Amino acid sequence: MDSAKTKFAYFGSSRLSVIVLDELNSLGYVPSVIVTTIDKPVGRKQILTPNEVKVWGTNHNILVLDPAKLNDEFINNFKGLCQKDQIEVYLVASYSKIIPKALVNLPQKGILNIHPSLLPKYRGPSPLGSAILNDDKETGVCLMKIDEEMDHGPIVSCEKVHIDEWPVYEDYEEMMAKIGANLFAQNIEKYMRSEINLVEQNHSEASYTKKFTKDDGKIDLSATPRQNWLKYCAFHQWPQIYFIWKNKDRETRVKITDAIYSDDKFIIKKVIPEGSNEMDYEDFLRGYRD
């Protein structure tokens, strides 16, 4: 990285975080240190596995910290590390922990956050999926400064995005993450020189999102085709959508793995019935019909 460019610490723990890191790297911005979450048990054997952010940092020879808690001990150690490396600003992109007040106030230039919505709309954990579910095609990405409340701080810069037709979640996430990374690269040097006037959010217009669960993926085949298509797009990555197929005295949970939306019709192409392999939907109907 060009030594003239701002040094920063990076907080992230998801696929979006990695997409931001890749884009920042292509723009010449590489964090001096990455903070992510602890290894988690994965698979039937519950093998402890690092998340993709930790893997990215390790592969790029960057110091990665994965504290179980952002407690006083971690914050004091992190303060010393950042002072030694002259890191005066942090960047957060889809980090699954709440940033405590002591950490918010630690860096000289504060903590910036990439949030994929036009704040104050869609504050909280699921702005991307919520925009899809609401069919809200006038959306965007904000680079904001974190304060003590969730997605509440002043705005550094925003970019509006118009969606003509919804892509599935992963593609939408990738597009918005790259926009966020570019917002950081375009504004960080001016921000560090205090050449940007931060804009307070209109808090009276704030709306909030919730953390989705597996139950949110359930659909009703009698619902409107558009509604089911939006759910398919929003939950394509996780938890995926499913319906309950009733056959005489038996109920089967059926996951939809492939579908399209055409002529105002939600057309299911492939499914995975509970306990079975993936199959064409037409084959499923023939095999599970009364």
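The values are calculated or read from the model by the stated rules, or taken from the named source; none is laboratory data. Everything quoted here is computed from the prediction, not taken from an experiment. All Cβ positions, even for glycine, are placed from backbone atoms using ideal geometry, and neighbour counts span all protein chains on display. Side chains included, ligands, DNA and RNA excluded: accessible areas come from the protein's heavy atoms. Shrake-Rupley method; radii C 1.70, N 1.55, O 1.52, S 1.80 Å.
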Can you pull out the residues in the stretch 32-73 that are small (G, A, S) and part of a loop (DSSP other than H, G, I, E, B)? S32, G43, A68
For the list (1) open to solvent by less than 40 Å² (accessible area, probe 1.4 Å); (2) free of Cβ contacts under 8 Å to residues at least 24 places away in the same chain; (3) under 30 Å from K246 (Cα atoms); (4) not hydrophobic (A, V, I, L, M, F, W, C), I need the number of the one condition that S222 fails. (1)
How many residues are touching a residue at least 40 places away in the same chain (Cβ under 8 Å) and either touching a strand residue (DSSP E or B) at 6+ places or on another chain (Cβ under 6 Å) or open to solvent by 20 Å² or more (accessible area, probe 1.4 Å) (or both) if we restrict to the stretch 152-178? 14
Closer than 30 Å to F235 by Cα and either surrounded by fewer than 20 Cβ atoms within 10 Å (Cβ to Cβ) or over 17 Å from the mean Cα position of the chain (by Cα) (or both): is that true of E189 in this structure? no
Pick from the stretch 116-141, criterion assigned to a strand (DSSP E or B) and open to solvent by less than 10 Å² (accessible area, probe 1.4 Å), ranking: farthest from V64 (Cα to Cα): T139
Only unsatisfied item for T213, checking (1) within 30 Å of D264 (Cβ to Cβ); (2) touching a strand residue (DSSP E or B) at 6+ places or on another chain (Cβ under 8 Å); (3) free of Cβ contacts under 8 Å to residues at least 60 places away in the same chain; (4) of a type in the set (V, I, T), is (2)
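Here's the yes/no breakdown for (1) more than 21 Å from C142 (Cβ to Cβ); (2) part of a strand (DSSP E or B); (3) within 17 Å of the chain's Cα centre (by Cα); (4) of a type outside the set (A, V, I, L, M):
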residue	(1), (2), (3), (4)
E173	no, no, yes, yes
A185	no, no, no, no
E195	no, no, no, yes
D220	yes, no, no, yes
Q227	yes, no, no, yes
W238	yes, no, yes, yes
F243	yes, yes, no, yes
V254	yes, yes, no, no
T257	yes, yes, no, yes
Across the stretch 52-84, which residue is nearest to V42 (Cα to Cα) among those that are surrounded by 16 or more Cβ atoms within 10 Å (Cβ to Cβ) and charged (D, E, K, R)? E52
